Amino acid sequence: MAAASYLASPISRFAGLWRETSSSPSSTHALFSRRVAARRAPRGGVVAMAGSGKFFVGGNWKCNGTKDSISQLISDLNEAKLENDVDVVVAPPFIYIDQVKNSLTERIEISAQNSWVGKGGAFTGEISAEQLIDVGCKWVILGHSERRHVIGEDDQFIGKKAAYALGQNLKVIACIGEKLEEREAGKTFDVCFQQLKAFADCITSWTDVVIAYEPVWAIGTGKVATPQQAQEVHVAVRDWLKKNISPDVASATRIIYGGSVNGSNCAELAKQEDIDGFLVGGASLKGPEFAVIVNSVTSKKVAA
């Protein structure tokens, strides 16, 4: 199905999922919820993940930290016992990348929080993918809501940045998500699919892409999508990938959740089959709590 056709049909396919419902949910919502529940049925002795990729946890430190506080955070992370079957990435501010790279355990990879849309040059204040690779970064976060809604980056610009980063062998954490007014207007899927399409229009290979679903209303607000709400969007995103890219990409691409994830709520979120990990904000600045979130992968393991 063409992307444009798919974008035109979310209401008929997922009608009312994000509108406030009465005590008696719509039949569409109920049917979709039963579909989600059926997919979560335990399969003895395995990890309950719809995708085939490894669990992934990223820590976005945003514009936080000093040399001293980051030294303490690195010490805490180096001492933490982390489950083996998780890819772990942290994204320090640009000026501390070298400090983190030189002192953090190799168990944890380094990401940047942004990169420029092309090769370096006369672009004051920007950082190129080539420079990030040069200092040891393996990943970059692109399309974060703060870049979209505070800095003003649009979907097409973000897609081009992702394509350029991937072309320089920098892996991408591609962020999507709706604002509160978009959620309340029932436009969650329209917004997420539009943002996905902008990535898809520019990306030729999804091998090194992780998708982070981050509802904007839940970022740094203390509000968290319920496990069911997050799962519904993750299912829809994977379905979009299947129909618009390929079934193989839908299976292999990890879809992680971000939005006030912490040590208290991560286990219940991790139990959802289509939640393949987390992109963590404030809690990633606390080493012991970040370790708890990393280790929530154990919540996905289903008893025989």
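Below are the figures for this structure:
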item	result
Extreme residue, farthest from Asn78 (Cα to Cα), among residues of the stretch 101-126 that are among the aliphatic types (A, V, I, L, M) and within 22 Å of the chain's Cα centre (by Cα)	Val117
Residue count for the stretch 245-271, restricted to those that are under 13 Å from Glu214 (Cβ atoms) and more than 16 Å from the chain's Cα centre (by Cα)	0
Within the stretch 78-129, tally of residues that are without any contact (Cβ under 8 Å) to a residue 40 or more places away in the chain, of a type in the set (Val, Ile, Thr) and surrounded by 15 or more Cβ atoms within 10 Å (Cβ to Cβ)	4
Where a residue in the stretch 263-289 is under 19 Å from Ile110 (Cα atoms) and open to solvent by 10 Å² or more (accessible area, probe 1.4 Å) and its partner, wherever it lies, is among the polar types (S, T, N, Q) and assigned to a helix (DSSP H, G or I), with Cβ under 9 Å and at least six apart	Leu285/Ser69
Sole exception among (1) open to solvent by 10 Å² or more (accessible area, probe 1.4 Å); (2) in contact (Cβ under 8 Å) with a residue 12 or more places away in the chain; (3) out of contact with any strand residue (DSSP E or B) (no Cβ under 9 Å at 6 or more places or on another chain); (4) not β-branched (Val, Ile, Thr) for Ala236, by number	(1)
Residue match in the stretch 84-99 (condition: on the phi < 0 side of the Ramachandran plot, in a helix (DSSP H, G or I) and of a type in the set (A, V, I, L, M))	yes
Unmet requirement for Leu166, which otherwise passes all of (1) under 18 Å from the mean Cα position of the chain (by Cα); (2) closer than 28 Å to Arg107 by Cβ; (3) buried (at least 24 other Cβ atoms within 10 Å of the Cβ)	(3)
Enumeration of residues in the stretch 117-158 that are more than 25 Å from Gly220 (Cβ to Cβ) and in contact with a Lys or Arg (Cβ under 9 Å, 6 or more places away or on another chain)	Val117, Gly118, Ser128, Ala129, Glu130, Val135, Gly136, Lys138
First in the stretch 167-184 and within 18 Å of Trp217 (Cα to Cα), second anywhere and open to solvent by 60 Å² or more (accessible area, probe 1.4 Å) and of a type in the set (D, E, K, R), Cβ under 7 Å, 6 or more apart	Glu178/Lys187
Residues that are over 17 Å from Phe199 (Cβ atoms) and among the basic types (Lys, Arg), drawn from the stretch 110-163	Lys119, Lys138
Test set (1) of a type outside the set (A, V, I, L, M, F, W, C); (2) over 23 Å from Ile275 (Cβ atoms); (3) in a loop (DSSP other than H, G, I, E, B) - Ser52 fails condition number	(2)
Positions within the stretch 130-162 being surrounded by 13 or more Cβ atoms within 10 Å (Cβ to Cβ) and on the phi > 0 side of the Ramachandran plot, in sequence order	Gly136, Gly143
Which numbered condition Lys81 fails, given (1) modelled with pLDDT of 50 or more; (2) of a type outside the set (Gly, Ala, Ser); (3) not in a loop (DSSP other than H, G, I, E, B)	(3)
Sole exception among (1) open to solvent by 40 Å² or more (accessible area, probe 1.4 Å); (2) out of contact with any Asp or Glu (no Cβ under 8 Å at 6 or more places or on another chain) for Glu214, by number	(1)
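The values are calculated or read from the model by the stated rules, or taken from the named source; none is laboratory data. None of the values given here were measured: they were computed from a predicted structure. FYI the Cβ positions are ideal-geometry reconstructions off the backbone, even for glycines, and counts take in every protein chain you see. Areas reflect the complete protein model, heavy atoms only, side chains present, ligands, DNA and RNA absent. Shrake-Rupley method; radii C 1.70, N 1.55, O 1.52, S 1.80 Å.
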